[in-house]
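First comes the structure, then the notes that go with it.
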Amino acid sequence: MEAARVFFGLTAPLVVSWERKWFTARPGLTVLFTLLYGSYSIAPYVRDPKAWSALATAVLLTLGCALLLRSPSTPALGFSITGSLTTGALGAVKRLGAVTIVLAVLVGVWTAWGTAPAVGEELLRDDTLAVMFSAMLIAVFGGGILVKVASDPVVEEVYALPDGQNRDAAIALIRSGGRSIGLIERGLLFAFLAAGQPDAAALVLAAKALARAPVDHVNHASKYFLIGTLASVIAALIMSVAARAAVGLPVL
């Protein structure tokens with residue numbers, strides 16, 4: 001639990017700052033937020049030097065990213081003391097940022113040196129994790145093959161339609177489907193089904209149905225998406241059942 005609290009606690013401010021674009025818009029706030037939230041995360045373990053080195057890794061990584069992503073429009077870091085860190089040439093600042101990130105990586109490696117090999121070995125030896133991950137890859141990418149095979153006849157029907165508005169609309173909707181959406185859909189379906197949460201998997205399908213509601217009036221496009229969804233469900237269901245059975249869990 002100690003390692004999990006520190007890892008997630010130090011990763012959280014980095015992710016928040018990245019999403020909020022604070023690295024470029026508010027670099028000073030980014031460093032301060034990482035320092036404060038990181039201090040909260042390691043609070044129970046202040047007597048352990050590794051906890052402080054982990055915090056130093058997060059702060060150095062934050063500072064390095066802020067410097068590396070710096071542009072002429074980026075405000076100063078917000079500190080009262082200025083120098084080459086905040087006022088130097090842009091190229092020099094970026095080089096300093098890259099050096100800071102390398103330093104953060106080295107400190108992080110030293111911090112994790114004692115526990116990372118043991119954790120890595122445990123993960124490598126975990127048969128359940130290996131089976132589930134392999135089954136997920138088969139469901140996600142193998143399911144894509146199944147979707148293509150099942151939906152190709154519909155695509156051929158669409159291209160065989162007479163030229164006109166209905167044909168153009170159906171082609172446009174089919175092309176807008178997006179391969180990445182199918183990958184994410186099958187990944188989520190497999191994850192929920194493999195975790196024994198079919199209700200959550202149903203929510204994924206409901207969300208997709210709502211997103212595709214506007215295409216219901218285009219017959220061939222609606223048929224294309226329905227077949228694709230059903231094929232994705234079949235792939236995810238088969239592989240989740242197989243994976244759960246393989247590791248000794250109830251199939252549903």
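Bear in mind these aren't lab numbers, they're just calculated from the coordinates by the rules spelled out. None of these values were measured; they are calculated from a predicted model. Here the Cβ is made from the backbone with ideal geometry for all residues, glycine too, and neighbour counts use every protein chain on show.
Over the Cα atoms, compute the radius of gyration (one decimal) and Dmax (the largest Cα-Cα distance, rounded to a whole number) for the stretch 157-196, in Å.
For the stretch 157-196, the Cα radius of gyration and maximum Cα-Cα distance read 15.7, 47 Å.
Taking the Cβ of Ala12 as the center, what net charge do the other residues with Cβ under 15 Å away carry, scoring Lys and Arg +1 and Asp and Glu -1?
+1
Considering only the other residues whose Cβ falls under 15 Å of the Cβ of Phe23, what net charge follows from Lys and Arg at +1 and Asp and Glu at -1?
+4
Could you run the Karplus curve 6.51 cos²θ - 1.76 cosθ + 1.60 with θ = phi - 60° over the stretch 145-156 and give me ³J(HN,Hα) per residue in whole Hz, x for Gly and Pro?
5, 4, 4, 5, 4, 6, 9, 4, x, 5, 4, 5
Which semi-axes, in whole Å and largest first, does the equivalent ellipsoid of the stretch 126-246 have when worked out from the alpha carbon gyration tensor as the square roots of 5 times its eigenvalues?
Value: 31, 14, 9 Å, ordered largest first.
If each of Asn166 and Ala130 carries a label point 7 Å out from its Cα toward its Cβ, how far apart are those two points in nm?
5.5 nm
Please give every one of the lysines within straight-line cross-link reach of Lys21, meaning a C-alpha to C-alpha distance under 19 Å, and leave out same-chain neighbours fewer than 8 residues apart.
Lys94
Which net charge results when you count Lys and Arg as +1 and Asp and Glu as -1 among the other residues whose beta-carbon is under 10 Å from that of Leu69?
+3
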